[in-house]
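Every number here is computed from the coordinates shown, using simple stated rules; none is lab data. Bear in mind that the values here come from a model prediction, so they are computed numbers and not experimental data. A quick note on method: Cβ atoms are made from the backbone with ideal geometry, for glycine too, and the neighbour counts reach across all protein chains shown.
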Amino acid sequence: MDAKTCLNKLKLVGVLSFATVDRNGNPQVRCISAIHFDETSFYFFTARGKDFCQELLADGRLQILAYTRFKEMIRLSAKAIPAPAAEQAEKISTIFKEQPYLSNVYPADTRQIGIIFEVNDAEIEYFNLGVKPIFRESYTLGAGRLSTKGYLISDRCIGCGKCQNNCPQRCISAGRPYQIQQEHCLHCGSCYENCPVKAVQKRGEQ
């Protein structure tokens with residue numbers, strides 16, 4: 001699995017959930033299919049008068065979520081920016097050709113109310129619930145940066161095994177200290193809550 005494969009899976013899903021935050025700090029989610037993918041980025045269409053557009057122009061941060069029929073979750077965290085003015089007409093035309101239904105929504109020249117945003121840099125999280133143990137990895141798109149998540153076991157570990165016994169995915173290996181297999185970890189926090197000596201720490205907080 002890699003970032004390019006994740007983009008291809010997003011393309012196959014088609015309709016994606018886009019999350020933003022409005023001016024009052026309230027979460028907002030929309031389903032968007034007016035999207036064009038290329039090798040290293042993607043573009044999407046919305047209308048300039050929509051709250052969605054205003055939220056993106058004001059801040060730009062968004063998360064995109066997809067769930068495949070194979071029980072794969074793909075989450076993309078990024079900042080969307082308006083595509084260059086010289087590319088707007090071309091990208092609108094491309095998206096309308098790839099998504100013919102849009103001509104019923106914005107017929108003829110009314111599509112000019114639209115604006116194209118692009119995403120070039122992102123963090124992509126891949127999470128497969130359809131395998132046992134589960135599998136997760138994170139990738140970067142362009143200049144995207146990976147965030148630190150999950151748990152680790154520090155040298156305070158006394159080797160009691162309670163973390164291992166309480167792990168839903170059995171992804172903790174015995175040792176001093178015990179080791180969490182990060183690619184199979186749910187990030188559920190069971191090891192954290194059950195460690196008697198507080199040896200389990202959230203990654204990035206130790």
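Note down the net charge around residue 30, summing +1 for each Lys or Arg and -1 for each Asp or Glu among other residues with Cβ under 12 Å from its Cβ.
For residues surrounding residue 30, the net value is -2.
Roughly how large, in nm² to one decimal, is the mean projection of the convex hull of the alpha-carbon atoms in the range 50-166?
Computed as one quarter of the Cα hull surface, the answer is 11.5 nm².
Report, by chain and number, residues whose modeled amide H sits under 5 Å from the one on residue 203, excluding near sequence neighbours (fewer than 5 apart, same chain).
Result for residue 203 returns 150, 151, 152.
Output wanted: per-residue J couplings in Hz (rounded whole) for the range 104-119, from phi through Karplus 6.51 cos²θ - 1.76 cosθ + 1.60, θ = phi - 60°, x for Gly and Pro.
7, 7, 10, x, 6, 6, 5, 5, 5, 6, x, 9, 9, 9, 10, 10
Taking residue 149 as the anchor, which lysines have their alpha carbon closer than 26 Å to its alpha carbon, excluding any fewer than eight residues away along the same chain?
Straight-line reach from residue 149, under 26 Å: 4, 9, 71, 79, 132, 162, 198, 202.
Would you calculate a helix-derived [θ] at 222 nm for the chain, using -39,500 (n - 2.57) for each DSSP H run of n ≥ 4 and dividing by the full residue count, to the nearest 500?
It comes out at -6000 deg cm²/dmol, rounded to the nearest 500.
Could you point to the label whose value was computed as volume of the Cα convex hull per residue in Å³ for the structure here, given (i) 177; (ii) 135; (iii) 144?
(ii)
Relative to the longest principal Cα axis of the chain, at what angle does helix 3-13 sit, 0 to 90 degrees, rounded to 10?
Once rounded, the angle reads 60 degrees.
Given H placed on each backbone N at 1.01 Å, which residues far from residue 116 in sequence or on other chains put an amide H within less than 5 Å of it?
83
Measure nothing but the geometry: give the 0 to 90° angle between the long axis through the Cα atoms of 85-98 and the longest principal axis through the Cα atoms of the chain, rounded to 10°.
Helix 85-98 sits roughly 80 degrees off the main axis of the chain.
For residue 54 and residue 98 in the same chain, what is the full-extension length gain: residue separation times 0.36 nm, less their Cα-Cα distance, in nm?
The span from residue 54 to residue 98 would gain 13.3 nm if fully extended.
Using only the Cα atoms, what convex hull volume per residue in Å³ does the range 151-202 have?
61
Are there any trypsin sites (Lys or Arg not before Pro) in the range 1-84 that are in a DSSP loop and have at most 14 other Cβ atoms within 10 Å? List them by number.
23, 48, 50, 69, 71
Can you check what the net charge comes to around residue 141, using other residues whose Cβ is under 12 Å from the Cβ of residue 141 (Lys, Arg +1; Asp, Glu -1)?
-4
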